[in-house]
Amino acid sequence: MQSFKCSAQDLVDFHGGEISRELFVNADIYREEQERVFARAWLYVGHATQVRNPGDFIVSKMGEESVILARDRAGEIHVFLNTCRHRGMKVCRYDEGNTKTFMCPYHGWSYGLDGKLIGVPDYQEAYKPAFDREEWRLVEVAQMAIFRGTIWATWDKSAPSFEEYLGEARFALDHALCPWDGGDGETEVLGSTQRWIIPSNWKIVAENFAGDALHVVSHRSVDLAGIGPSEGEGRRDDPGRLVVAAYPGGHGVMYGVRDATTVPNDYRGSRITAEYFRHCWKKRRARRGPTADIVPLVGTIFPNMSFHGQQPRTILVAHPLGVDRTEMWRIYFTDRGAPAEVKDFLRRYYVRYAGPAGMTEQDDMENWNYATAASRGVIARQYPYHYKAGLGAAKTSDLIPGIITDHPITTEQNPRVLYQRWAEYMDAGSWDHLLGKQSVIR
Amino acid sequence: MTLPPLSPARLAYLNLMREIEDFLHYEAELLDERRFEAWLELLTDDIHYWMPIRKNLAFEDRDHDITAAGDVAWIDDDKTTLSKRVRQILTGIHWAEEPLSRASHLVTNISLFNQATFLADPASAYEDGALLNIKCRFLVHRNRLETETDFLVGRREDTLRRVGGELRIAKRKIIIDQSVLLAKNLTIFI
Ligand code: FES
Ligand SMILES: [Fe+2]
């Protein structure tokens, strides 16, 4: 790391469980992580069901930057930087739509759905010799991957494949994104994206979803109010025994391991949803055997894609905007084949749970807001954050891949691994170096 | 100077409008005074309290820039969920509202959209179950702790229903002007 006159590793004491506050409040570090982390890592861009038909597009973000996710005439999906090659204008200022071309409002250059520069006003007259339009296409990502409907991309040619990037966290993402019955059917985005801005560093969001069982206490008020999909207290049905698992790539997941011998009794607030869930879960057990009941509840795929895998089912991307500003993008999804009544019931549950008006997430954002604010000062930032819960408790399991801790469940193992990986990104000059490094997380 | 004559229908209309305005101002007062349980009493049991999301769409799609029913919204609540929101605030440990925010609800541009019905038949506005379709604008200012400030501005479409002689809110659609919400959370009622 160059900006801070020290190795990033000096700010992350993995074995001692202490992380410097500079990570959350230092603007130089923030600038550098745009290059070191966001320009190199695989980032979540969108969902294939948001661009189902040729010509469909959505505008998304990769790190701070706007990107266009489009399906071309041939059905291929592309991810482009949303900036005109001529003089930088934001080519597409719509959130979504269907189009034949992207026409730049400024001087009228137009691009095809495959990014090709297909129209330049005065091309014959003004450019002598003519310039090669092929060289002035929209900037396209270096690599793109689709995993169970989710679309990922990286700007770095030398990054490993997405599957390699996930490593054993593939298990979690697969279980989180598959339909309830554990098969190969589709899940689909429930509709529009919630986007809102919070006054916190993006990493505080990432670490929370990577698995911060300690913060459950902050949600006591919603548990008392009781917003779950069945009657009574709480905000979820019983998720089973909790296990957290971390992965060398910086990913972290909290699983609920359900009792595989009992018939599910979830979603009692909607008879048809309860029945559909039971029906799916039976199939899932037949299909997936002993892993069927290992359910990712929350997780973060490094750096900034987080998800809820069961109750609710959503993807949250914490896009950095500044050292203490983050743009949150949340989508919700369900089984594509679920009955309409089930989708309707789930949608209402999901949005009373999460998002800016979500009765659970509201309190998170208050805590993130004022943790950031109170860490900014020159005195405050001298005192590291404390992540010592569950030091030395990590082990491995036959059933759940990764480094796991199930006791104490309030372990802060996953944030420790996330910051360890973050430091490796900040210090490593190349992907070769990064791949060589990812191992020592116990 | 002579005043223009007031027809009985016109008089009845003015009377009804005054009742509607008084009702909406009273509602705002309850919220600003944080009398949340009393506020719940103003809602019918089958209320749909709905705050859709706004989007940036091309001109030809401009009529779809408010998320439709069945799409994701900011808030999509029934009475049960609204009651739970109140219960959550009243726990005293709902950290996003503890200490409580200070809010001021400005409700303006109040108009009765289906006024023709009541001009033709003034008495019908007082029948049980009568529906009054109201459009208005809101500006809700929230300030909390030291410097945190949010201005939520937009349109509201309220359906008021006559229940036992009183007005009650049966539907509320809150159409905010922001697409990316600039507030970190939505913990206050609009
Ligand atoms: S900036 Fe796009 S055409 Fe000039
Ligand atoms: Fe939380």
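The values are calculated or read from the model by the stated rules, or taken from the named source; none is laboratory data. Model, not experiment: these values are computed from the prediction. Positions of Cβ are generated from backbone atoms using ideal geometry, with glycine treated the same way; all protein chains shown enter the neighbour counts. Heavy atoms of the whole protein, side chains included, go into the accessibility calculation; ligands, DNA and RNA do not. Shrake-Rupley method; radii C 1.70, N 1.55, O 1.52, S 1.80 Å.
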| query | Could you give the accessible area per residue of chain B, probe 1.4 Å, as a whole number in Å²? | reply | 48
| note | Mean per-residue count of partner chain Cβ within 10 Å for A:357-370 equals 6
| said: I want to verify the translational diffusion coefficient of the stretch A:94-189 in µm²/s; compute it with Stokes-Einstein, Rh as the Kirkwood radius over Cα pairs, at 25 °C and 0.890 mPa s. | reply: 144
| query | Which Cys residues of chain A have no other Cys Cβ less than 4.7 Å away and so no disulfide-compatible partner by this rule? | reply | A:CYS6, A:CYS92, A:CYS178, A:CYS280
| Mind listing the phi-derived Karplus ³J(HN,Hα) values for the stretch B:116-126, rounded to whole Hz, using 6.51, -1.76 and 1.60 with θ = phi - 60°, and x for any glycine or proline? | 4, 4, 7, 5, 6, 9, x, 5, 5, 5, 9
| task | Can you work out the accessible area per residue across chain A, with the rest of the protein chains kept in place, probe 1.4 Å, in square angstrom? | result | 37
| query | If you take the accessible area of A alone, add that of B alone, and subtract the area of the pair, what total do you get in Å², probe 1.4 Å, to the nearest 100? | reply | 3300
| task | Give me the compactness ratio for the stretch A:290-442, meaning the Cα radius of gyration over 2.2 N^0.38 Å. | result | 1.24
| note | Sorting A:GLY108, A:THR49, A:LEU81 by the position of each Cα along the dipole of the stretch A:43-145 (Lys, Arg +1; Asp, Glu -1; all at Cβ), the one nearest the positive end of that ordering is A:GLY108
| Number of partner chain Cβ atoms within 10 Å, mean per residue of A:95-102 | 3
| request: Quick one: which residues, 5 or more positions from A:TYR255 or on another chain, have an amide H under 5 Å from its amide H? H modelled 1.01 Å from N in the peptide plane, none for Pro or chain starts. | output: A:VAL243, A:VAL244, A:ALA245, A:LEU297
| query | So what is the 222 nm mean residue ellipticity for chain B from helices alone, if each DSSP H run of at least 4 adds -39500 (n - 2.57) and you divide by all residues, rounding to the nearest 500 deg cm²/dmol? | reply | -8000 deg cm²/dmol
| query | Ranked highest first by the average count of other Cβ atoms within 10 Å around their residues, in what order do A:308-314, A:414-420, A:381-387, A:94-100 fall? | reply | A:414-420, A:308-314, A:94-100, A:381-387
| request: Hey, can you grab everything whose amide H is under 5 Å from the amide H of A:THR334? Only 5+ residues off in sequence or another chain; H modelled, so Pro and N-termini drop out. | output: A:GLU188, A:LEU190
| request: Provide the net charge surrounding A:ILE315, with neighbours chosen by a C-beta distance below 12 Å and charges set as Lys +1, Arg +1, Asp -1, Glu -1. | output: +3
| remark: Note, the stretch A:107-115: 3J(HN,Hα) by Karplus (6.51, -1.76, 1.60, θ = phi - 60°), whole Hz, Gly/Pro = x, goes 10, x, 5, 10, 10, x, 5, 9, x
| request: Springs between alpha-carbon atoms under 10 Å, Gaussian network over chain A: tell me which of A:TYR123, A:TYR276, A:TYR370 tops the mean-square fluctuations. | output: A:TYR123
| For the charge dipole of chain A, defined by +1 on Lys and Arg C-beta atoms and -1 on Asp and Glu C-beta atoms about the Cα centroid, which residue among A:GLY249, A:GLN420, A:SER192 has the Cα displaced farthest towards the positive pole? | A:SER192
| message | Rounded to the nearest 20 debye, what is the charge dipole size of chain B about its Cα centre when +1 sits on each Lys and Arg Cβ and -1 on each Asp and Glu Cβ? | response | 220
| field | Net charge over other residues, Cβ less than 15 angstrom from the Cβ of A:THR83 (K, R count +1; D, E count -1) | value | +3
| note | Partner shielding of A:217-225, as the mean number of partner chain Cβ atoms within 10 Å, equals 6
| query | Angle, helix B:79-90 long axis vs. longest principal axis of chain B, Cα atoms, 0 to 90°, nearest 10? | reply | 50
| task | Count charges around B:PRO99 for me, please; just the other residues with Cβ under 15 Å from its Cβ, Lys/Arg as +1, Asp/Glu as -1. | result | -2
| note | Relative to chain A, whose Cα atoms define the longest principal axis, helix A:271-288 and its Cα axis are tilted in degrees, nearest 10, by 90
| Cα centroid separation, the stretch A:16-51 to the stretch A:355-384 (Å) | 17
| Which residue fluctuates the most in chain A, going by a Gaussian network model with Cα springs under 10 Å, if the choices are A:GLU168, A:GLU361, A:GLU341? | A:GLU341
| note | Taking the dipole of the stretch A:285-442 about the Cα centre (Lys, Arg +1; Asp, Glu -1; charges at Cβ), the one of A:GLY322, A:TYR353, A:GLN310 that reaches farthest to the positive side is A:GLN310
| request: Anything over 20 Å Cα to Cα? Flag those among B:LYS135/B:LYS173; A:LYS283/A:LYS395; A:LYS343/B:LYS55; A:LYS90/A:LYS128; B:LYS55/B:LYS173, in the order listed. | output: A:LYS283/A:LYS395; A:LYS343/B:LYS55; A:LYS90/A:LYS128
| message | Can you tell me the orientation of helix A:413-427 relative to chain A, as the angle in degrees between its alpha-carbon axis and the longest Cα principal axis, to the nearest 10? | response | 30
| query | What size of dipole, in debye to the nearest 20, comes out for the stretch A:43-145 about its Cα centre when the only charges are +1 on Lys and Arg C-beta atoms and -1 on Asp and Glu C-beta atoms? | reply | 140
| message | I want to verify a result. In a Gaussian network model of chain B, Cα cutoff 10 Å, which of these has the top mean-square fluctuation: B:GLU19, B:GLU27, B:GLU157? | response | B:GLU19
| said: If N is the number of residues in the stretch A:43-145, what value comes out of its Cα radius of gyration divided by 2.2 N^0.38 Å? | reply: 1.06
| request: Rounded to whole Hz and in sequence order, give me ³J(HN,Hα) for the stretch A:195-203 from the Karplus expression 6.51 cos²θ - 1.76 cosθ + 1.60, θ = phi - 60°, writing x for Gly and Pro. | output: 10, 8, 10, 10, x, 8, 6, 4, 5
| query | If the convex hull of the alpha-carbon atoms of the stretch A:184-242 is projected onto planes in all directions, what is the mean projected area in square nanometres? | reply | 6.9
| Fraction of accessible area attributable to carbon and sulfur, the stretch A:43-145 (%, probe 1.4 Å) | 47
| query | What number, in nm² with one decimal, is the all-direction average of the projected area of the convex hull of the alpha-carbon atoms of the stretch B:1-45? | reply | 4.9
| request: Given the peptides A:13-20, A:347-354, arrange them by the average over their residues of other C-beta atoms within 10 Å, most packed first. | output: A:347-354, A:13-20
| query | Treating the beta-carbon of each Lys and Arg as +1 and of each Asp and Glu as -1, no other charges, what is the dipole magnitude of the protein assembly as shown about its Cα centre, to the nearest 20 debye? | reply | 340
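Taking N as the number of residues in chain B, what value does Rg over Cα atoms divided by 2.2 N^0.38 Å take?
Here the Cα radius of gyration is 1.13 times the empirical estimate.
Which whole-number value in Å³ per residue fits the convex hull of the alpha carbons of chain A? Can you show the working numbers first?
Numbers: hull volume 64.7 nm³, N = 442.
Output value, Cα hull per residue: 146 Å³.
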| remark: Listed by chain and number, the residues whose amide H is under 5 Å from that of A:PHE302, excluding neighbours fewer than 5 places away on the same chain and using placed H, are A:HIS251, A:GLY252
